[in-house]
Structures are given as structure tokens and as C-alpha cells.
Amino acid sequence: MHRGDLLKTSIASILRNKARSVLTILGIVIGIAAVILMLSIGQGAQQYILNQVSNLGSDVIFIEPASGEGTNGPPDPFVEQTLTIKDATALEKSPFLEAVSAVYISSAPASHEETSKFAQIAGVDEDYLKIFPADIGFGRFLDASDVSSHAKVAVLGIKTAKDLFGDQDPIGGRIQIKNTTLRVIGVFTELGTQFFQNLDERIVIPVTTATRDIFGADNVSFISARASGDIELAKEETQFILRDRHNINNPSGDVGKDDFAVSSQSDAVATVAVVGNTLSILLASIAAISLVVGGIGIMNIMLVSVTERTREIGLRKAVGATRREILLQFLYEAVLLTSFGGVVGVALGVAVSWTSATIVAQFVDKWQYVLPPEAIFLGVLVATVVGLVFGVYPARRAAKLDPIEALRYE
Amino acid sequence: MSSIIHLTNVVKEYVNGDVVTPALRGISLDIEAGEYVALMGPSGSGKSTLMHIMGFLDHATRGEYLFEGGDVSVLDDDALARMRRDRVGFVFQAFNLLPKTSVLENVSLPMMYAGVTNGERRRRAMEAIEEVGLGHRVNFLSNQLSGGEKQRVAIARAIVNDPAVIFADEPTGNLDTKSGTDVLNLLSDLNNKGRTIVMVTHETEAAEHAKRIVRMRDGQLLSDLVTHDRRTGGYNK
């Protein structure tokens, strides 16, 4: 028998029972669509996180309080606060760092007249924008004298400015945080999110004002800096200066003894990549389980089909079909069904993941639709393999049927 | 005439655990080209088993089976499948047409397994369909046909590879008298054109169409009676 005829026979058998064929591939369609969706979401999340971290620039250094493990990532609220404004001042003198800013992060209700809103408050130094560049839309940013004099001034994120002042000009306006009244001196342009913070909702004030005057804190949340030359040298210099200031005897450079941790953007990117990959693997594994379930569904329905078509198989054998021809016919049927299911599943997966990414993008700024092109190819390939693996057993059953018994089968 | 089927002392035993059930107890039979043989007997007589062995659907346990002079016992499964494909044709009681498939495709099926080209397949299928008088039903689906028509499609399918023998297993068992007679007349026509037919039946009326009646009981031949060709006006039962 020619291959083409075998293929035609299989296609004819599939089309002869359309309803069952559709039901057969449903599991595969959903399984492949789930894999595509999960891959797309996983990669989208990873891409999003990487964008958040990597647009800081590769020469940005973070110094965070640490309990000895050494951390990468956002400040840990449960660690003893060890960094001070004076630490930042000391680091400013280093030739390896071109800009240093102590940062105090908190959140509190901010109000203007009758309007109030819960906002993130960032206390920073005048050099902050040299590390985290942002444009001022109106007015000006903090200057050195604002910081040194504990000035009661604030620069608003554009959304906070709109929320509090509405159509009024916010420059020169007064806002109240806790019991302190601050004068608005500037408004940022629209900035979006960075490090998962919506910068447009932030209120930036001098770090001195934030710590001593408003929140009564002795320490800052973290210190950020921009290296002027080699980033590894800058990190070492930072560790050296801070160990000296914190009286830590640590000539061997064991970060476990430090009460702070120095990390760079590239460390953060590496961590995020690992997390992202783990996330992708996890999501894909869950989706893979649905594929196995789909494959078992295929096997089940193929077995039913073999039983139902026992007489057809007997007849085919009576007119001269060999075992191999029967085996191939059923195997082709399974593989044709599943690879078609794979194509449909990929199409469905692309549609659903694109839709969901579009919806997510409404809520999460800069979220992008990501679909690795190899996922399409892989989806169809995996579906085909599933058909092959789960089709073999029913096909063998069909091939092994005794023609006499098969012909008599009621 | 040369002998197509030559059976000598053929035994078929079914073994189930320690129990051996004999189905054929030493059958010796010769069938020559152009014969029309009716194989008769009550159920359990072994007539179907004998037909399955002669039709390459089953192996004899012992004894010699020569088909067109060749030893069948040495053939493996694939070789038996090729013999079924090329040398014999089957007609079954239940028709066994492919469901929801056209008359043309049903008749073409054996040629597909034989690897006949598309055009040739169509030409020969049309020829066979005309021969059984269903030229007007070529594109009908199997489920749109009457019982008699279905059996005629099955006969067309049986002859399409130009076999040496046609085996008909109770071909009228599922048909009313009129359609049954039509089918039997068709088989007689085919025999008159020179085709060799072996028909398994338990109906005397059906067997009367044959030119030779072989009766079986308990796995053995009971009688082997050659009736005269009715066309020659000779002895008729």
C-alpha cells in the first residue's frame, strides 16, 4: 500500500467521525494552548522584571542593611536598619563614586486642603537624579541647601500632583504629610514604573526632612550610588568605607560579617533571570501535566475507536491489509489528530495569551506581550509526539486483532 | 482441469489450556478452477473453519494445503495477507462495507492495499460495479443502499482483484428472499463466466445454485455430490 493511500485512509476515517475526532483532540488543544499561555506569561513577567531592573543602568550600586547573608533586591523590612545619612556623606568623598544618595522610603497620607491620598514618600539627596534619572516637568528638583537645611519642600509625581491639586497649579502649593506642611517646588514628567514602584504616585522630599522632621527615624532605608569607574572597584571601596565606619573587623572580606550588603544592577538582573526561568519552568510543568492528561484522553478514545471498528479492521485484513498497514493507519490517525490539535492549540494559545497580555498591560505599565517563536514549533512538535506515544498502544491492539474474530465481532 | 485447492487430511484443533477441541478431523478435498461448491452443514460442523483455512484467514493445525500447487503452511502472516489480497475474495453475511463510504471507494479498497494506481483502480472498480449491476449507484454511500445492493457491492469488492476463488460465507443470511435470489443469481452468473466460487451456507435453496454440494458434520466430510450443470439440462438433485 502506498503511503499516500495510507494517509488518505486515515484522513477519511477521521472525517467519517467528526464529532469524536473533535472530542479526541480537545484535550490536546487545551493542553497546548495552556503551554503557550504559560510560556507567554512566564516570559512576559521575566521581560517585565528585567526591564524594571535593567533600565537603572549597569553602574548603579545599592547599599542595603543586611544581617549577614548578603541580599540582592528590594530592601528587607525585617533587617535591623544600620545605614545613616552620615554613611552616605562619607561615601560621597570616595573618588570611585560619582553620585551618592541616601534614600528613606515610607508611605503616609498626604493632603492638600480637603483632598487626601496615600502616597509613597521618598526622602532623597540632591544627587538622586544623577543615579535615577528623571525629568522635571514643572518647577525644580531638590538642591543641596534644601537637603542641608531640612527644607519643607516636595517634588510630586505627576499623578499625585493631579490627584491632590486637580486643575490647580501645584507649584507653590502646600501639602501636609503627618503634621508637617511642605511647599511643592516641582512636578516630575510622567515616569511610569521602576523597580515595581509607580514613580508617578511618589512624593520626593529631602532625606533630612523625611528622617528627622516627619518620620523621626535615625536611619535611612538604603543608599544608592553611581560608580564613576569600574563597578567592582566601587563596590569594594564602598565595603571598605562602611566597614571602617561601622567598626567591622573584616579583613578577609567575608560579607557574612557585614551589617550591610552592596549589590549592583547586574547582580539584580542575574537574580531576576534565575527567578524568571524558575517561574517559566514551573508554569510549563503545570501545562505539561495537562498534555499528559490530554494524551491519555487520546489513548482512551482511540481504544474505544479500535473496539468500535473491530469489524472494519477484520474486513481490511480479509481484503489483504497486513498488520503493519493496520498499525500505521491507526498511528497516522492518532498523529494526524494530535498534530492538528497542536496547530489549533497553538493558535488558541497565541490568541488567549495575546488577549491576556493586552488586559494585563491595562493595569501594569510597560507589560509587553512576549511569545518565544520556538514555542509555536515546539507546541506542534509536542502534540505530534503525544499522538505517537499514546497512539502506539491502541494501534498495536488494532494490528494484533485476529481477522476471524474481528469479522464476527458484534 | 487443474486443482486450485488441494487439501489432504487437514486437521484443525483449538487448544484452550489442557483442553483440545477438534474443529476439523482430517479433511481431504480438491476444488478445481471454475467450480461452484456449496459447503453445507449445521453450525459446529466445521464448515466456517474450513473456509477460513482455505481463505488464508487461519492456519491448519496439521495436514497439507496446496493452493495453486503451492504449500500454504510455510506462509507467514504477511504472506497470508498478500494471498488474501491477490488470490481470493470474500463475501460475508454481514456485508462488512466501510461505513459512510461510497460504493466506488468500498470496491477500490482491496486494490489500494495491492498498490494499484489511482486511474487503474477507478477503471477496474467501475468495471466490477457494472458487472454486479450497480453502475447507477457508484457514488452512493454504503448506508444509503438496500441489503441486496450492499451484498452486490461486497461481491464487486471480492472480484475486483481478479481472484482465483471467491469465498461467500452465508451471503444470503441477512437478505430477504427476493434480494437473496438476486445475489445467488449474480454468483451463478459469475461462475458461468468462469469464476470459482466456494459458498458456505445452511440453506438448501442457496446450495441448489451450486454445482457441487459438500456436506459436513462434526469436522468431517459427510458427502460430496456433484450436481449437473442446469444449463446442460442434466440431473438436478
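The values are calculated or read from the model by the stated rules, or taken from the named source; none is laboratory data. Note that the structure is a prediction, hence the values are computed from the model and not measured. As a convention, Cβ positions derive from the backbone with ideal geometry for all residues, glycine included, and neighbour counts pool all protein chains shown. Surface accessibility is based on the protein's heavy atoms, side chains included, excluding ligands, DNA and RNA. Shrake-Rupley method; radii C 1.70, N 1.55, O 1.52, S 1.80 Å.
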Item to check | Relative pair counts by distance (%), Cα atoms of chain A, 20 Å bins | outcome: 22, 34, 21, 17, 5, 0
Checklist outcome for this item: Check: C-alpha center segment A:97-142 vs C-alpha center segment B:24-87, spacing in Å is 98
Checklist entry - Do any chymotrypsin sites (Phe, Trp or Tyr not before Pro) in segment B:134-237 lie in a DSSP loop with no more than 14 other beta carbon atoms within 10 Å, and if so, which? => result B:TYR235
Next on the checklist: As a quick test, which of the pairs A:LYS117/A:LYS152; A:LYS93/A:LYS366; B:LYS12/B:LYS193; A:LYS86/A:LYS117; A:LYS317/B:LYS100; A:LYS317/B:LYS150 have an alpha carbon distance above 27 angstrom in this structure?
Outcome noted: A:LYS93/A:LYS366; B:LYS12/B:LYS193; A:LYS86/A:LYS117
Item to check | Backbone HN-Hα couplings from phi across segment B:205-210 [Karplus 6.51/-1.76/1.60, Hz, Gly and Pro as x] | outcome: 4, 5, 5, 4, 6, 7
Next on the checklist: Please list, ordered by chain and number, the residues whose modelled amide H lies under 5 Å from the amide H of B:MET199; skip anything fewer than 5 residues away on the same chain.
Outcome noted: B:VAL37, B:ALA38, B:LEU39, B:ALA168
Item to check | Dipole in debye (nearest 20) - the protein assembly as shown, about Cα centre, beta carbon charges: Lys, Arg +1; Asp, Glu -1 | outcome: 3240
Item to check | Calculated FRET efficiency for the pair A:ALA19/A:ALA90, C-beta based, R₀ 60 Å, to 0.05 | outcome: 0.20
Item to check | DSSP-loop GluC sites (Glu not before Pro) across segment A:88-169, with at most 13 other Cβ within 10 angstrom | outcome: A:GLU113, A:GLU114
Next on the checklist: Please report the antiparallel percentage of the DSSP beta bridges confined to the protein assembly as shown, to the nearest 5.
Outcome noted: 70
Checklist entry - Taking θ as phi - 60°, what are the ³J(HN,Hα) couplings along segment A:267-281 by the Karplus curve (6.51, -1.76, 1.60), each to the nearest whole Hz, with x for Gly and Pro? => result 4, 5, 4, 4, 5, 4, 4, 5, 4, x, 5, 4, 4, 4, 5
Item to check | Relative contact order, percent, chain A [alpha-carbon distance under 8 Å, six or more residues apart] | outcome: 29
Checklist entry - Given a cut-off of under 8 Å on Cα pairs at least six residues apart, what relative contact order in percent is computed for chain B? => result 27
Checklist entry - Could you give the alpha-carbon Rg of segment A:81-258 over 2.2 N^0.38 Å, rounded to two decimals? => result 1.10
Next on the checklist: Excluding ligands, DNA and RNA, what is the accessible area buried between chains A and B, summed over both sides, using a 1.4 Å probe, to the nearest 100 Å²?
Outcome noted: 2200
Checklist entry - aspartates and glutamates within cross-link reach of A:LYS159: Cα-Cα under 20 Å, excluding same-chain residues under 8 positions apart? => result A:GLU113, A:GLU114, A:ASP135, A:ASP167, A:ASP169, A:GLU190, A:ASP200, A:GLU201, A:ASP365
Checklist entry - Do any residues of segment B:112-133 lose at least 30 Å² of accessible area when the full set of protein chains is present rather than just their chain alone, and if so which, with a 1.4 Å probe? => result B:MET112, B:TYR113, B:GLY115
Item to check | With Cα atoms, 0 to 90° folded angle of helix A:323-363 axis to chain A main axis | outcome: 20
Checklist entry - What's the longest bit of chain A with no exposed trypsin sites (Lys or Arg not before Pro), using DSSP loop states and at most 16 other Cβ atoms within 10 Å as the test? => result A:179-365
Checklist entry - Label-point separation (nm) for B:LYS100 and B:ASP77, each offset 7 Å from Cα along Cα-to-Cβ? => result 2.9
Checklist entry - Tell me, what ³J(HN,Hα) does each residue in segment A:292-303 have, in order and in whole Hz, if you take phi through Karplus 6.51 cos²θ - 1.76 cosθ + 1.60 with θ = phi - 60° and put x for Gly and Pro? => result 4, 4, x, x, 5, x, 4, 4, 4, 5, 5, 5
Item to check | Of B:SER179, B:ALA81, A:ILE61, farthest towards positive along the dipole that unit charges on Lys, Arg, Asp, Glu beta carbons give the protein assembly as shown | outcome: B:SER179
Checklist entry - Under a 5 Å amide H to amide H cut-off, with H placed in plane at 1.01 Å, what residues pair with B:GLY219 once short-range neighbours are removed? => result B:GLY46
Checklist entry - Share of the protein assembly as shown's accessible area from carbon and sulfur, percent, 1.4 Å? => result 56
Checklist outcome for this item: For the A:LEU7, A:LYS366 Cβ pair and Förster radius 45 Å, calculated FRET efficiency rounded to 0.05 is 0.40
Next on the checklist: Projecting each Cα onto the charge dipole of the protein assembly as shown (Lys/Arg +1, Asp/Glu -1 at the beta carbon, about the Cα centre), which of A:GLN52, B:MET54, B:PRO42 comes out farthest on the positive side?
Outcome noted: B:PRO42
Next on the checklist: Is the C-alpha gyration tensor of segment A:116-217 telling us rounded, prolate or oblate? Criteria: a/c under 1.5 is rounded; beyond that, a/b larger than b/c is prolate, otherwise oblate.
Outcome noted: rounded
Checklist entry - Within segment A:130-237, which chymotrypsin sites (Phe, Trp or Tyr not before Pro) sit in a loop by DSSP and count at most 12 neighbouring Cβ atoms inside 10 Å? => result A:PHE196
Next on the checklist: Between 0 and 90 degrees, rounded to the nearest ten: what's the tilt of helix B:147-159 against the longest Cα principal axis of chain B?
Outcome noted: 70
Checklist entry - Excluding same-chain residues fewer than 8 positions from B:LYS211, which aspartates and glutamates have a Cα within less than 18 Å of its Cα? => result B:ASP30, B:GLU32, B:GLU35, B:ASP169, B:GLU170, B:ASP182, B:ASP189, B:GLU203, B:ASP224, B:ASP229
Checklist entry - How large is the charge dipole for segment A:143-208, taken about the Cα centre, if only the Cβ atoms of Lys, Arg (+1) and Asp, Glu (-1) carry charge, to the nearest 20 debye? => result 280
